[in-house]
Amino acid sequence: MLIAGAAIFFYAPTDYLQGPVQRIFYLHVSSAIAAFGCFAVVLVGGVIYLRNESPAADRFARSGALVGVVFTTVTLVMGMLWAKTVWGAFWVWDARLTSTLVLWIIYAGYLLVRRLADPGRQAARFAAVVGIFGFIDVPVVHFSVTWWTTQHPGPVIINDALPPQMLATFLFTMACTVVLAAVMIAIRYRIETLVDEREQVFEPAKVLVAREPEPVQ
Amino acid sequence: MNPFRVALAVARKDLRSEWRTREVVPALAQFIILALLIGNFGFQVDSRNAASIAPGILWLALVFAGLVAFGRTFAAEREQASLEAMLMTPASPVAIFAGKAVAASLLLIACEAVMLPALSLFFGTPFSADVVAAVLIATVGMAALGCLFAAMVARVRARELLLPLLTLPLWIPFIIAGGQAVQSAMGLPGSYSEAISLLIDFDILFLVLTSLAARFVLDE
């Protein structure tokens, strides 16, 4: 991460038109990609959980959602700072910005479901459903720049629009960010395992049998 | 058990209990009229800008009326603790869910039958088949999603809080496409047929997904 930071500021050339602000690009795009990766973990974890009720898959989904929301926040905040200097406003109602905001809200809702549902099987199952539906928005965010005419620039990486030094810096930053996200998920996974062990939420049917029906009002 | 007959029976049961109590539809119709009233005070509406403001008021009122309608779907079952009883029968949970979704969307359509004429009465916007079609097509997918999450939050604490938070972001595709359709039906620029086909795509996508997910939400 430190080397990536150094590369962003000293190795990569300054953008001709936008000046030093353009250096936000490296971390902005990398954290967006890392966030997509995290939400893919949520999706896969949710699907596996619904198939075989494996608590480990659910813990991965939980950790992925939390880390993903963090990276989406980073993307949004950095994008807003960049937009203020380049577009002149923190926010424009453009398809990609709007859909990213919706993405953030969906996964923030996911975290709320986790907090409000009965911990254990119910929370895991409901959250898995939310995670699967929420992932619909990820391709929408990704393709929004191609589907609709937007102010947000289109993909520059796969279109060979970057000079080699910028590309090298970007790829390195992206690799570091994705590894960072993976490490954060792993740490969170450890925490969730400890919490589950302490709370014993996935302990067998006892929980279900002991649950009393809601009182008739 | 034939799942279609189960769904039909559940839908008829829900509609009959609504017919006997007459709780949801009159309340929602009043709510919608109030929303139009608030729209009138919140915006400076006159005959020139009515066409650009009315679609926004329509979708705002519809979305919040929908949240209330779908939130009520499982409220009665929860109060009587009868959902568990229904799930213990050999009927498939997906069929029960489909029946409840159909009943809830019919209730919402009854409210729309109040809202759309009232909108054109109060704001002087055209009341055309295009507007009605766009709203009805959007209702299908919105009802599927709304009922799925209503079934989910029925067993969660703070359900009134959670239902809008989960449902609204996933309704946004319908509001984007439906908003565009209604705007172009009221004479603003934009392609009507494109928006309608997008709405139908979203309907199919979310109907398939909700029917797959309903089993996991209701099964316990």
For segment A:76-92, which positions are of a type in the set (A, V, I, L, M) and either at pLDDT 80 or above or outside any helix (DSSP H, G or I) (or both)? A:LEU76, A:VAL77, A:MET78, A:MET80, A:LEU81, A:ALA83, A:ALA89, A:VAL92
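Looking only at segment B:56-101, which residues are closer than 16 Å to B:ALA27 by Cα and in contact with a Lys or Arg (Cβ under 7 Å, 6 or more places away or on another chain)?
Residue satisfying the conditions is B:THR73 alone.
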Out of B:THR167, B:THR125, I need the residue that is among the hydroxyl-bearing types (Ser, Thr, Tyr) and not in a loop (DSSP other than H, G, I, E, B). Which one? B:THR167
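Matching residues to (1) closer than 26 Å to B:PRO90 by Cβ; (2) within 12 Å of chain A (Cβ to nearest Cβ):
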position	(1), (2)
B:LEU168	no, yes
B:GLN180	no, yes
B:GLY187	no, no
B:GLY190	no, no
B:SER193	no, no
B:LEU198	no, yes
B:LEU205	no, yes
B:SER211	yes, no
Across segment A:103-142, the tally of residues that are more than 10 Å from chain B (Cβ to nearest Cβ) and among the charged types (D, E, K, R) stands at 1
Within segment B:130-155, tally of residues that are surrounded by fewer than 21 Cβ atoms within 10 Å (Cβ to Cβ) and within 11 Å of another protein chain (Cβ to nearest Cβ): 2
Kindly provide the set of residues from segment A:54-97 that are over 26 Å from B:ILE176 (Cα atoms) and among the polar types (S, T, N, Q), ordered by number. A:SER54, A:SER63, A:THR85
The condition from (1) surrounded by fewer than 17 Cβ atoms within 10 Å (Cβ to Cβ); (2) among the aliphatic types (A, V, I, L, M); (3) closer than 28 Å to B:LEU162 by Cβ that B:MET1 misses is numbered (3)
Every pair of residues 6+ apart whose Cβ atoms lie under 9 Å, when the first sits in segment B:191-220 and is closer than 13 Å to B:GLY141 by Cβ while the second is at pLDDT 85 or above and of a type in the set (Asp, Glu): B:ILE196/B:ASP130
Qualifying residue in segment B:199-211 (condition: under 15 Å from B:TRP59 (Cβ atoms) and in a helix (DSSP H, G or I)): yes
Pick from B:ALA104, B:ALA98: which is within 14 Å of B:ALA7 (Cβ to Cβ), away from every other protein chain (no Cβ under 13 Å), crowded, with 24+ Cβ neighbours inside 10 Å and in contact with a Phe, Trp or Tyr (Cβ under 6 Å, 6 or more places away or on another chain)? B:ALA104
If I ask for residues that are more than 19 Å from B:ALA144 (Cα to Cα), part of a helix (DSSP H, G or I) and modelled with pLDDT of 85 or more, which ones from segment B:41-75 would you list? B:PHE41, B:GLY42, B:ILE53, B:ALA54, B:PRO55, B:GLY56, B:ILE57, B:LEU58
Does B:GLY124 satisfy being more than 10 Å from chain A (Cβ to nearest Cβ), farther than 15 Å from B:LEU67 by Cβ and surrounded by 21 or more Cβ atoms within 10 Å (Cβ to Cβ)? no
Over 20 Å from the mean Cα position of the chain (by Cα) and touching a residue at least 24 places away in the same chain (Cβ under 8 Å): does that describe B:THR73? no
Which of the residues spanning segment B:132-152 are over 13 Å from the mean Cα position of the chain (by Cα) and without any contact (Cβ under 8 Å) to a residue 60 or more places away in the chain? B:VAL132
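The values are calculated or read from the model by the stated rules, or taken from the named source; none is laboratory data. The shown structure was predicted, so the numbers you read here are calculated from the model rather than taken from an experiment. As a convention, Cβ positions derive from the backbone with ideal geometry for all residues, glycine included, and neighbour counts pool all protein chains shown.
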